[in-house]
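*Asks:* Just passing along the structure, written as structure tokens.
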Amino acid sequence: MADRRKSRKRQRPDRAAAPPAVEPASERGYARSRARDEAARAALKPLRPGERPPAVTVGAITAAVLALANLVALAFGYNSGEDSLSPGSDATGTIVAAAILLIVAYGMWKARYWGVLGMQTLLALTLIFASLGLVTAKSLWAAGLLVLIIAAAGTLFWFLVKAMARIQMPERPSSQRGAR
């Protein structure tokens with residue numbers, strides 16, 4: 001019986017060497033995906049000088065308002081570490097958070113890639129912590145507030161993806177192909 005297996009293998013050496021006649025489904029899928037990506041890139045319009053996408057403007061204003069809210073809360077004695085009002089508390093965390101938000105707001109206002117990327121990082125962290133908080137919400141009001149935060153942060157994150165692609169585009173994709 002072992003000889004029969006060996007003889008069958010010897011009879012079809014050309015099958016192992018011949019390439020498949022039909023392209024595998026995964027290759028067709030990758031080709032369709034690449035075609036969709038190229039179409040999406042071709043549809044993007046680079047930013048005009050001084051232009052800022054609306055999502056980036058909303059994100060910059062949101063970051064600036066949150067930074068200002070943190071500083072106002074700190075001035076009124078809110079201690080985020082203890083989640084209570086206590087004048088004279090340690091303010092380092094609040095000041096650092098406000099500084100990061102102000103830097104991100106400035107970068108987004110100037111339509112800088114790093115500013116949008118920083119905002120998306122903060123939004124991703126917000127989504128993660130709000131989702132974890134939703135698991136342990138103690139009241140319906142807290143759960144509703146967390147769902148609202150998740151919806152707002154997720155929506156802004158989604159719209160910033162396309163804006164980020166437009167910010168990093170130096171010129172039209174079609175003009176880049178002709179240069180090659």
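*Asks:* Here are Ala55, Ala40, Ala67, Ala35: which of them is closer than 21 Å to Thr155 by Cβ, at pLDDT below 85 and under 24 Å from the mean Cα position of the chain (by Cα)? Break it down stepwise before answering.
*Replies:* Numbers: Ala55 fails: at pLDDT below 85; Ala67 fails: at pLDDT below 85; Ala35 fails: closer than 21 Å to Thr155 by Cβ.
When all the criteria are applied, what remains is Ala40.
*Asks:* Something else now. Hey, any hits in the stretch 87-105 for a residue that's in contact with a Phe, Trp or Tyr (Cβ under 6 Å, 6 or more places away or on another chain), surrounded by 15 or more Cβ atoms within 10 Å (Cβ to Cβ) and within 17 Å of Val161 (Cβ to Cβ)?
*Replies:* From the stretch 87-105, those in contact with a Phe, Trp or Tyr (Cβ under 6 Å, 6 or more places away or on another chain) are none; that's our starting set.
For the stretch 87-105, residues in contact with a Phe, Trp or Tyr (Cβ under 6 Å, 6 or more places away or on another chain), surrounded by 15 or more Cβ atoms within 10 Å (Cβ to Cβ) and within 17 Å of Val161 (Cβ to Cβ): absent.
*Asks:* Based on what the data block shows, is Ala152 within 30 Å of Lys45 (Cβ to Cβ) and under 17 Å from the mean Cα position of the chain (by Cα)? Show your work before the answer.
*Replies:* Numbers: within 30 Å of Lys45 (Cβ to Cβ): yes; under 17 Å from the mean Cα position of the chain (by Cα): yes.
When the stated conditions are applied, Ala152 passes them.
The values are calculated or read from the model by the stated rules, or taken from the named source; none is laboratory data. Quick caveat: nothing in here was measured; it's all calculated off a predicted structure. All Cβ positions, even for glycine, are placed from backbone atoms using ideal geometry, and neighbour counts span all protein chains on display.
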